[in-house]
């Protein structure tokens, strides 16, 4: 009884029988006055009862009972659109404070990446001896090599065709084809092939392990049976670097020269299965196959020796290309000065390099290497470090043109 009643609760709800009590609740002692209608107002006038209508007043019927309307569905609410679903207002687009900033949160800007451990030299030794506690990081040469590999591995749109030219024999054109092709094949994950398009019994097929006696002529004769990559692979030999080589015709009894239409048919087949197609051309720039080679090429590698006659032949090649409508290829040409003999040359290499740089995209000197001079199978593992580094740089130079080139896959259009 001494409890304080909660607000808003009638006292009648607080009266409850106590547990164990048998006494009935005591009735209220306050008498209830009955409600009487005296028929008089407060001023003494007699009033009619509410069920009687005074005289002179129209008696109105009671209002008809109208049942409540059946509950129905509420009117549809306006469709709610979350704020993020609507496009930005023009005011926000023009206000620099509301410009998108999510691109600023790139992983490279947010993450603290650990230094790469060196893979050679004293830096590698310190890292291993200290259990990785001290990490001197990569050397300048290692960083440069990693950058070169990233350039080499750029994606190729369709296929990319590189033609190797030289008007003078014996300057290392075939060797350069194998060195560059092997470098690409060893560092990229796609398919790379070199084609011997020399109509005068080229030697490209002799510089890789012989896995088949098939030549370009055999591939052309088998064109109707080419359905998949393995059908092409049956006609090629593969180097340890994964570079495939399609050999040229070397039968002295062959009566037909490898011509333009033959080359075009071969490329139509190869481009379906290979991303990089390297063509080792002959020394004659006027023969039939060269028309197809130049018209289908994405870039040229012009090989010269560090000698006066070799340099003049290379310059004459550029002149011929410029005069015959291939100026766009001259601008995308990489000149390789290949040292085919040991020792230094009396030619001013700086002057020679500058001469070609004024017309071409890049110039690179490949040093003499005993393994390449043997004229046998080319194995990258047997090259001197300087020679191998030169081919890596050459591959990176050529690959810099991949994004700008537009290769294509035309399917089995040779059928």
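Go through 364, 351, 321 for me and flag whichever is in contact with a strand residue (DSSP E or B) (Cβ under 7 Å, 6 or more places away or on another chain) and not in a loop (DSSP other than H, G, I, E, B). Unique residue meeting the criteria: 364. If the condition is being in contact (Cβ under 8 Å) with a residue 60 or more places away in the chain and farther than 19 Å from residue 196 by Cβ, then the stretch 217-227 contributes only 224.
Scanning the stretch 115-129 for residues that are modelled with pLDDT of 75 or more and farther than 25 Å from residue 389 by Cα yields a count of 1.
Summed over the stretch 295-312, the residues that are surrounded by fewer than 20 Cβ atoms within 10 Å (Cβ to Cβ) and within 18 Å of residue 168 (Cβ to Cβ) give a count of 4.
Filtering the stretch 194-225 to residues that are over 20 Å from residue 378 (Cα atoms) and in a strand (DSSP E or B) leaves nothing. For the stretch 175-195, the count of residues that are surrounded by 15 or more Cβ atoms within 10 Å (Cβ to Cβ), modelled with pLDDT under 95 and more than 22 Å from the chain's Cα centre (by Cα) is zero.
On inspection, residue 161 qualifies as in the same structural domain as residue 314 (by TED's automatic domain parsing), modelled with pLDDT of 95 or more and crowded, with 20+ Cβ neighbours inside 10 Å. Just so you know, in the stretch 274-293 the residues that are more than 34 Å from the chain's Cα centre (by Cα) and under 14 Å from residue 202 (Cα atoms) include one that is surrounded by the fewest Cβ atoms within 10 Å (Cβ to Cβ), and it is 284. Here is a check on your reading of the model: is residue 238 in the same structural domain as residue 186 (by TED's automatic domain parsing) and out of contact with any strand residue (DSSP E or B) (no Cβ under 6 Å at 6 or more places or on another chain)? Criteria not met by residue 238. Checked against (1) without any contact (Cβ under 8 Å) to a residue 24 or more places away in the chain; (2) in a helix (DSSP H, G or I); (3) buried (at least 17 other Cβ atoms within 10 Å of the Cβ), residue 230 passes all but condition (3). Of all positions in the stretch 324-346, none carries a residue that is over 38 Å from the mean Cα position of the chain (by Cα), in the same structural domain as residue 265 (by TED's automatic domain parsing), in a helix (DSSP H, G or I) and modelled with pLDDT under 95. Scanning the stretch 293-311 for residues that are modelled with pLDDT of 95 or more and in a helix (DSSP H, G or I), we see that the one that is farthest from residue 371 (Cα to Cα) is 295.
The values are calculated or read from the model by the stated rules, or taken from the named source; none is laboratory data. Note that this is a predicted model, so its numbers are computed, not measured. Note: ideal-geometry Cβ built from the backbone for every residue, glycine included; neighbour counts use all protein chains shown.
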